[in-house]
Amino acid sequence: MITTHARVPEGWGIRGTDEFARFPAGERHVRDLAPETESPCYVVVRGADANDYISAAMWIDLQHRKGHKVTAVVPYLPGARQDRGRPFGAAVYAGLINAMKADRVAAFDPHSAVMPQMIDNLVVVDSTRAVRRAVTNGAGDTTYTGVISPDAGALERAGKVAQALHVPLYRASKRRDFATGALSGFDCEALPPGGRYLVVDDICDGGGTFLGLAEATGLPAAQLGLWVSHGVFSGRADRLGLAFGEIITTDSHPGHCREDVAARIVPVLPHMISEILQ
Ligand SMILES: O=P(O)(O)OC[C@H]1O[C@H](OP(=O)(O)OP(=O)(O)O)[C@H](O)[C@@H]1O
């Protein structure tokens, strides 16, 4: 999924996707439909379709030949979860992103610090301010009384959110089957009764992590909310509504469009650009 943007004083001029075309056999090409492009300009690539990165690389090449600088906004870094083991998927996807030759790459809340180290000219925008904006009123108050980190990988991110909301952080950890690596359950710190808790993580894919964690807390949906920066929403994600009274995500990944997941969508682009420009 690709869109292009040129900065305009009042906000965003979105040029649409007509520029991105295919030859009949599927080969990607880019039409030069925007000779008036301003600089700096932006190309936004969402998701993990390698062909989209090829199209974006062609669009960037076109802008470079016109003398413009381009920021590639890649809100969801594909491969970021493959940050260990063999094959080293994070390195492969980082190579794809670097091949676009953008003057700057902007990413939103990457899974870990591993993949960002391999991307050239990267600016990382974290999710703390976006979560805070999504769950507080104008006075900065929230109805959540605590933040839950589902696993060790989410601890730093969830800790920053808890600090920003002025509520305590509660830790959970995943139990995995040693032989298969499959998720077998959760150990969760005791939660004071009667509270409302926001689970904070980077990605919801099939939803197993969050369904398992909700079950481990023993809390009804009315007392649980879920923030995930990237709503990939595959598999059983439609069942999340049974476990969480509120699901909030961003439009960083095409999965956010899934209609059977009743998620509140926070637009990520304006948020990222305002932070990049600060
Ligand atoms: O919706 P799901 O399919 O359950 O996947 C979501 C989980 O997967 C990722 O973590 P991962 O299990 O890769 O753990 P890590 O922090 O150990 O890398 C992510 O940070 C979520 O916690």
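The values are calculated or read from the model by the stated rules, or taken from the named source; none is laboratory data. All figures in this text were calculated on a predicted structure; none of them were measured in a lab. All Cβ positions, even for glycine, are placed from backbone atoms using ideal geometry, and neighbour counts span all protein chains on display. The protein model used for the area step is the full one, side chains on, heavy atoms only, and it has no ligands, DNA or RNA in it. Shrake-Rupley method; radii C 1.70, N 1.55, O 1.52, S 1.80 Å.
Inclusion of R104 among residues that are within 16 Å of the ligand (Cβ to nearest atom) and out of contact with any helix residue (DSSP H, G or I) (no Cβ under 7 Å at 6 or more places or on another chain) is not warranted.
A single entry from G67, G89, G85 fulfils the requirement of being over 19 Å from P267 (Cα atoms) and more than 16 Å from the ligand (Cβ to nearest atom): G67.
Name the residue that is surrounded by the fewest Cβ atoms within 10 Å (Cβ to Cβ), counting only residues in the stretch 150-178 that are hydrophobic (A, V, I, L, M, F, W, C) and outside any helix (DSSP H, G or I). Talk me through it step by step, then tell me what you get.
Filtering the stretch 150-178 down to residues hydrophobic (A, V, I, L, M, F, W, C) leaves 152, 154-155, 158, 161-162, 164-165, 167, 169, 172, 178.
Checking which are outside any helix (DSSP H, G or I) leaves us with 167, 169, 172, 178.
Details: V167: 18, L169: 18, A172: 23, F178: 8.
Within the stretch 150-178, the match that is surrounded by the fewest Cβ atoms within 10 Å (Cβ to Cβ) is F178.
Here the helices (runs of 4 or more DSSP H) wholly within the stretch 206-278 that include at least 1 residues being aliphatic (A, V, I, L, M) and within 12 Å of the ligand (Cβ to nearest atom) are 208-217, 240-243.
Quick grid of which residues meet (1) modelled with pLDDT under 95; (2) of a type outside the set (S, T, N, Q):
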| residue | (1), (2) |
| --- | --- |
| K101 | no, yes |
| R104 | yes, yes |
| T145 | no, no |
| V161 | no, yes |
| L165 | no, yes |
| G195 | no, yes |
| D202 | no, yes |
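Restricting attention to the stretch 149-170, the residues that are out of contact with any Leu (no Cβ under 7 Å at 6 or more places or on another chain) and either within 14 Å of the ligand (Cβ to nearest atom) or not polar (S, T, N, Q) (or both) add up to 15.
Given the options G181, G194, name the one that is within 11 Å of the ligand (Cβ to nearest atom) and open to solvent by 30 Å² or more (accessible area, probe 1.4 Å).
On the way: G194 fails: within 11 Å of the ligand (Cβ to nearest atom).
The conditions single out G181.
Among the numbered conditions (1) outside any strand (DSSP E or B); (2) within 16 Å of the ligand (Cβ to nearest atom), the only one that D187 does not meet is (1). Taking residues in the stretch 203-219 that are in contact (Cβ under 8 Å) with a residue 12 or more places away in the chain and on the phi > 0 side of the Ramachandran plot, and partners anywhere that are near the ligand (Cβ under 8 Å from one of its atoms) and open to solvent by 20 Å² or more (accessible area, probe 1.4 Å), the pairs with Cβ atoms closer than 7 Å and at least 6 places apart or on different chains are G207/G235.
Only one of the listed residues (F210, F244) is at pLDDT 95 or above, more than 17 Å from the chain's Cα centre (by Cα) and open to solvent by less than 20 Å² (accessible area, probe 1.4 Å). That residue is F244.
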